[in-house]
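The values are calculated or read from the model by the stated rules, or taken from the named source; none is laboratory data. What you see is a predicted model; the values in this text were computed from it and never measured. Here the Cβ positions follow ideal geometry from the backbone for every residue, glycine too, while neighbour counts run over all protein chains shown. Remember, those area values only see protein heavy atoms, side chains included, never the ligands or the DNA or RNA. Shrake-Rupley method; radii C 1.70, N 1.55, O 1.52, S 1.80 Å.
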Amino acid sequence: GFSVIVWRGQGVSAETIGFLWAMGVAVEVAFLWSLGFFERRFSPETMIIAGAGGGVLRWIAMGFAPTGWVLWPLQALHALSFAAAHVGVMRLLYRDTPEAQAGMAQTLYAALSGGILIGASMLLSGVLYDAVGARGYWAMALIALAGGALALLLVNPTPRVKNATPG
C-alpha cells in the first residue's frame, strides 16, 4: 500500500511505478494461467509455504528501499507472496473442509484475509511508514515468516485416532 509513496520519495517516475504495478499483476496472471502445472507438482501446503518464503524475501528486500532494476524481480515475487499463498489456501479449504461447511470456510477466510487482517495491516503500515519509512516492510516480512511457520504445521499432521479408547 505504501510502495508508491516510497518510490515517489526516491524519485521513481509515475510511469515506472505504473509499469512496476502492472508487471506484478502480469506475473500473477501468468502464474494463474499456468496453475495446472503447479497444482500437479505441489501440494496446497507447499504453495502456502512458497508464498510465505516469497513474501519474506520480498519484504526484507523492500525494507532496504531499493531502486533501479532490483524492483522488477521484487515485484515479480507477487506471484508467490500473494497468488501462490492464496491459491494454496483455497485448495486446502477445498480439500479439507466438509462440503456442508465449505461456504462458511471460504467466507471466514475472505473476511479475515481480505478484510479484518488486511485492514489492520494497512492501519499499522501507516504508523510504521510515518515512524520508519520503508523499513516498515520488515514487519510484513515477520508476518509472512509467522504465516510460513504456521503453514509448516500443516505438513504431515499427526493423524487423528478415531474412537480411541483409554488405555
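Just to be sure I understand: with springs between alpha-carbon atoms less than 10 Å apart, which residue in Ala149, Ala134, Ala14 has the highest mean-square fluctuation in the Gaussian network model of the chain?
For the chain, modelled as a Gaussian network with Cα springs under 10 Å, the answer is Ala14.
Can you match P(r) over Cα pairs in 5 Å bins from 0, in percent to one of these, [x] 1, 6, 11, 13, 14, 14, 12, 9, 8, 5, 3, 1, 0; [y] 2, 8, 14, 18, 20, 14, 10, 6, 4, 2, 1, 1, 0, 0; [z] 1, 8, 14, 15, 13, 10, 8, 7, 6, 6, 5, 3, 2, 1, 1, 0, 0, based on a calculation from the structure here?
The calculated read-out lines up with [y].
Run the paramagnetic zone check for Ala26: 7 angstrom along Cα to Cβ, then residues of the range 63-100 with backbone nitrogen under 15 Å.
Within reach of a label on Ala26, which here means backbone N under 15 Å from a point 7 Å along Cα→Cβ, the range 63-100 contributes 71-79.
Run lengths n ≥ 4 of DSSP H only: what is the helix-derived mean residue ellipticity at 222 nm for the chain, with -39500 (n - 2.57) per run over all residues, to the nearest 500? Don't skip to the end; give the middle numbers.
Working: 9 runs with 113 residues, N = 167.
The per-residue figure over the chain is -21500 deg cm²/dmol.
Per residue, how much accessible area does the chain show when a 1.4 Å probe rolls over the protein heavy atoms, in square angstrom? Please report the intermediate quantities before stating the final value.
Working: 10580 Å² over 167 residues.
Each residue of the chain exposes 63 Å² on average to a 1.4 Å probe.
With +1 assigned to the C-beta of every Lys and Arg and -1 to the C-beta of every Asp and Glu, and no other charges, what is the dipole magnitude of the chain about the Cα centre in debye, to the nearest 20?
300
Along its three principal axes, how long is the range 1-65 when you only count alpha carbons? Whole Å, largest extent first please.
Extents along the principal axes, in whole Å: 43, 23, 14.
In the chain, what percent of the accessible surface is made up of carbon and sulfur (1.4 Å probe, ligands and nucleic acids excluded)? It would help to have the intermediate numbers written out before the result.
Numbers: 7430 of 10580 Å².
Carbon and sulfur: 70 percent of the exposed surface of the chain.
Where Lys and Arg each count +1 and Asp and Glu each count -1, what net charge lies around Ala65 among other residues with Cβ under 14 Å from its Cβ?
+3
Spin-label point model (7 Å from Cα, Cβ direction): what's the Tyr94 to Leu123 distance in nm?
If labels sit at Tyr94 and Leu123, their model points lie 3.4 nm apart.
Out of Ile116, Ile49, Ile143, any idea which swings most in a Gaussian network model of the chain, alpha carbons joined below 10 Å?
Its mean-square fluctuation being the largest, the pick is Ile116.
Which trypsin sites (Lys or Arg not before Pro) from the range 65-164 combine a DSSP loop assignment with at most 14 other Cβ atoms within 10 Å? Before the final figure, lay out each step's value.
On the way: sites: Arg91, Arg95, Arg135, Arg160, Lys162; in loops: Arg160, Lys162.
When the trypsin sites (Lys or Arg not before Pro) of the range 65-164 are filtered for loop state and at most 14 Cβ neighbours within 10 Å, Arg160, Lys162 remain.
For Asp130 and Trp69, FRET efficiency with R0 = 30 Å and r from the beta-carbon atoms, rounded to 0.05?
After rounding to 0.05, the efficiency reads 0.55.
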